[in-house]
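Notes to accompany the following structure.
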Amino acid sequence: MSTTAREYDELTYREARKRAIRQMVDGFGEALVLRDQHGYWVLYYFYWSQEPPPEAKPHWMEGPVQDPASFRPPYVVKTWMEENGYESFQNDLD
């Protein structure tokens, strides 16, 4: 089954977590790395140190790339987004 960028953009945290081959977590969020026939993708969820809700959609995504080592940790992506005028995503579940 071919997955498109649009489908990844709509992928819930629950489903992305099932498909993830790598997970990066820091105090700002979580990044889930996925792989398909096009390469590697990363989905970012910004919920501080809390686990995202199961139905949460990613706040940001990147890919496809051939080397997943190029993906940045959540803090770096969040900072880059703010410096480049993107909406500051910081969901708090409390």
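The values are calculated or read from the model by the stated rules, or taken from the named source; none is laboratory data. Being a predicted model, the structure only gives us computed values, none of them experimental. Please note: Cβ atoms are built from the backbone with ideal geometry, for glycine as well, and neighbour counts cover all protein chains shown. Ligands, DNA and RNA are stripped out before the accessible areas are found, and what is left, the full protein with its side chains, is counted by its heavy atoms. Shrake-Rupley method; radii C 1.70, N 1.55, O 1.52, S 1.80 Å.
Looking only at residues in region 36-59 that are part of a loop (DSSP other than H, G, I, E, B) and open to solvent by less than 60 Å² (accessible area, probe 1.4 Å), which one is modelled with the lowest pLDDT? Lay out the reasoning, then the answer.
Keep residues of region 36-59 that are part of a loop (DSSP other than H, G, I, E, B), which gives 37-38, 46, 48, 50-59.
Going one step further and asking which of them are open to solvent by less than 60 Å² (accessible area, probe 1.4 Å), we end up with 46, 50, 52-53, 56, 58-59.
Numbers: PHE46: 93, GLN50: 89, PRO52: 94, PRO53: 95, ALA56: 96, PRO58: 95, HIS59: 93.
Looking at residues that are part of a loop (DSSP other than H, G, I, E, B) and open to solvent by less than 60 Å² (accessible area, probe 1.4 Å), I get GLN50.
Among the residues of region 18-59, which ones are farther than 24 Å from THR79 by Cβ and in contact (Cβ under 8 Å) with a residue 12 or more places away in the chain? Step through it out loud before you land on a result.
If we filter region 18-59 for residues that are farther than 24 Å from THR79 by Cβ, which is where we start, we get 18-19, 21, 35-39, 54-55.
Listed by number, the residues that qualify are ARG19, ILE21, ARG35, ASP36, GLN37, HIS38, GLY39, PRO54, GLU55.
Quick one: SER70 ticks every box in (1) over 19 Å from SER88 (Cβ atoms); (2) buried (at least 18 other Cβ atoms within 10 Å of the Cβ); (3) among the small types (Gly, Ala, Ser) except a single one, so which number is it?
Result: SER70 passes all but (2).
What's the total number of residues in region 60-71 that are in contact (Cβ under 8 Å) with a residue 40 or more places away in the chain and outside any strand (DSSP E or B)?
Adding up the residues that qualify gives 2.
I'd like the full set of residues that are closer than 15 Å to SER70 by Cβ and out of contact with any helix residue (DSSP H, G or I) (no Cβ under 6 Å at 6 or more places or on another chain), limited to region 39-59.
GLY39, VAL42
Across region 9-35, what is the total count of residues that are in contact with a helix residue (DSSP H, G or I) (Cβ under 9 Å, 6 or more places away or on another chain) and surrounded by fewer than 16 Cβ atoms within 10 Å (Cβ to Cβ)?
Our first condition is that a residue be in contact with a helix residue (DSSP H, G or I) (Cβ under 9 Å, 6 or more places away or on another chain); within region 9-35, this holds for 11, 16, 21-35.
Then keep just the ones that are surrounded by fewer than 16 Cβ atoms within 10 Å (Cβ to Cβ); that gives 21-23, 25-27, 35.
Of the residues in region 9-35, 7 are in contact with a helix residue (DSSP H, G or I) (Cβ under 9 Å, 6 or more places away or on another chain) and surrounded by fewer than 16 Cβ atoms within 10 Å (Cβ to Cβ).
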